[in-house]
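Novice: Here's a structure for you.
The values are calculated or read from the model by the stated rules, or taken from the named source; none is laboratory data. No experiment lies behind these values; they were computed from the predicted model shown. When we count neighbours, we look across all protein chains shown, and the Cβ atoms used for this are built from the backbone with ideal geometry, even at glycine. Side chains are part of the model used for accessible areas, which takes the heavy atoms of the whole protein and leaves out ligands, DNA and RNA. Shrake-Rupley method; radii C 1.70, N 1.55, O 1.52, S 1.80 Å.
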Amino acid sequence: MLTLTSITKSYESKPLLKGISFSVAPGEVVCLLGASGSGKSTILRIIAGLEEAESGEVAWEGVSLMGQPTHQRRFGLMFQDYALFPHLSVFENVAFGLKMQKNQPQRTPSALRKKGFLGVLRGLGGLKDSDSRVRECLEMVHLTGFEHRRVTELSGGEQQRVALARALAPNPRLLMLDEPLGALDRALKESLLDELRRILRGAGIPAIYVTHDQQEAFTLADRIILLRDGQITQAGTPAEVFANPADGWVASFLGLGNVIRPGEGSGALNAEGLDIYKTILLRPQAELVADGGTVQGVVADVVFAGEVFRVELQNGWYFYVSESPRVGESVQLRVLRVEYLP
Ligand code: ADP
Ligand code: MG
């Protein structure tokens with residue numbers, strides 16, 4: 001549906017995007033994952049038509065969108081600061097997105113003069129239809145009954161859901177979410193992530209979700225696109241990326257385990273049977289052993305993580321084990337999965 005081909009962009013002659021190509025399939029949720037400053041928001045602005053690429057093309061179903069104004073693209077946008085109108089109710093906030101869109105084709109001074117603002121709306125399918133669409137969207141985000149509340153009376157999570165309903169209301173053909181959970185605390189984030197996943201799947205609208213948080217990407221994405229230094233380093237389903245990180249940087253960035261580059265880790269690593277001239281990925285599943293472990297070290301921290309204990313060693317490496325060692329104890333660990341990375 002949406003296709004980006006070799007998009008480039010520089011700011012002050014510093015290249016930010018160096019040839020970005022990817023596409024989004026019908027109903028697909030794509031997560032664009034990259035560190036802060038890697039150009040994620042810029043990509044969204046180029047897709048939305050709020051910013052121009054230097055070269056390359058954005059197309060929808062094979063038709064180039066270059067030069068088409070933002071409001072004609074029918075893409076929904078939701079940003080981190082939801083920019084809700086504090087003086088309007090929940091209902092009015094959601095209706096706003098719909099009104100702007102519905103009103104667009106006839107927003108000429110003469111149409112407005114003749115029929116007035118409400119008249120123009122009625123002529124375009126009527127307020128009744130808009131009303132039911134607003135209610136439908138509020139139901140989608142579980143805010144039925146909140147219609148008349150002021151948005152200032154809502155929690156952060158509820159405000160975030162109002163913003164999502166507003167973005168969904170005009171039935172966009174693509175939804176773009178730019179770090180929408182960024183401002184929320186961890187616990188709220190986790191509960192909203194599940195809900196967001198359900199809503200995006202339920203709406204069936206293809207979405208691009210931008211984040212720097214790998215956990216969010218793994219939870220939400222049908223496909224993850226990893227951005228680094230202006231290029232896509234890896235793309236694939238969360239399971240594919242998890243199983244086959246492209247290189248040490250990807251494995252470190254995604255927190256898939258302990259990445260040990262050639263010449264590092266001596267002392268902590270029992271090199272016997274290992275090729276220490278390659279980049280090694282120690283997956284965190286391990287067991288405590290009396291001797292002959294893959295790794296030895298002093299326990300810096302132990303966190304109970306449900307089924308397992310997360311053990312961090314003084315050198316920063318971490319492992320999941322079934323029995324808890326003591327902080328300060330010298331331990332040996334047998335690592336269950338050792339892999340080599342390109
Ligand atoms: P991300 O969303 O991944 O954090 P951005 O796309 O917002 O990254 O921006 C990446 C970098 O591009 C920023 O660090 C900034 O230096 C530069 N940049 C973005 N927009 C502009 C602009 N309008 N003018 C100049 N530099 C910009
Ligand atoms: Mg950004």
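Novice: Buried (at least 20 other Cβ atoms within 10 Å of the Cβ), assigned to a helix (DSSP H, G or I) and more than 16 Å from ligand 2 (Cβ to nearest atom), is that true of residue 196?
Specialist: yes
Novice: Please determine, by comparing only the residues of region 15-29 that are within 16 Å of ligand 2 (Cβ to nearest atom) and open to solvent by less than 10 Å² (accessible area, probe 1.4 Å), which one is nearest to residue 219 (Cα to Cα).
Specialist: 20
Novice: Among the candidates 116, 67, 56, single out the residue that is in the same structural domain as residue 230 (by TED's automatic domain parsing) and modelled with pLDDT under 95.
Specialist: Every option except 67 fails the conditions.
Novice: Give just the number: which of (1) farther than 20 Å from residue 228 by Cα; (2) touching a Ser or Thr at 6+ places or on another chain (Cβ under 8 Å); (3) open to solvent by 50 Å² or more (accessible area, probe 1.4 Å) does residue 59 not satisfy?
Specialist: (3)
Novice: Do we have any residue at all in region 163-177 that's farther than 26 Å from residue 135 by Cβ, within 16 Å of ligand 1 (Cβ to nearest atom) and either assigned by TED's automatic domain parsing to the domain that holds residue 25 or part of a helix (DSSP H, G or I) (or both)?
Specialist: For region 163-177, residues farther than 26 Å from residue 135 by Cβ, within 16 Å of ligand 1 (Cβ to nearest atom) and either assigned by TED's automatic domain parsing to the domain that holds residue 25 or part of a helix (DSSP H, G or I) (or both): absent.
Novice: Could you please tell me which pairs satisfy a Cβ distance under 6 Å, a separation of 6+ or placement on different chains, a first residue in region 26-47 that is under 25 Å from residue 202 (Cα atoms) and assigned by TED's automatic domain parsing to the domain that holds residue 194, and a second residue that is part of a helix (DSSP H, G or I) and within 6 Å of ligand 1 (Cβ to nearest atom)?
Specialist: Correct list of pairs: 32/40.
Novice: Working carefully through the options 70, 5, find the one that is more than 11 Å from ligand 1 (Cβ to nearest atom), more than 24 Å from residue 171 (Cβ to Cβ) and over 18 Å from the mean Cα position of the chain (by Cα).
Specialist: On the way: 70 fails: more than 24 Å from residue 171 (Cβ to Cβ).
Of the residues listed, the single one that is more than 11 Å from ligand 1 (Cβ to nearest atom), more than 24 Å from residue 171 (Cβ to Cβ) and over 18 Å from the mean Cα position of the chain (by Cα) is 5.
Novice: Can you pull out the residues in region 219-235 that are more than 16 Å from ligand 1 (Cβ to nearest atom) and out of contact with any Phe, Trp or Tyr (no Cβ under 8 Å at 6 or more places or on another chain)?
Specialist: Pass one, region 219-235, residues more than 16 Å from ligand 1 (Cβ to nearest atom): 219-223, 234-235.
Matches in region 219-235: 219, 222, 223, 234.
Novice: Shifting gears a bit: Do you know which residues across region 297-330 are closer than 16 Å to residue 282 by Cα, part of a strand (DSSP E or B) and open to solvent by less than 50 Å² (accessible area, probe 1.4 Å)?
Specialist: 297, 311, 313, 318, 319, 321
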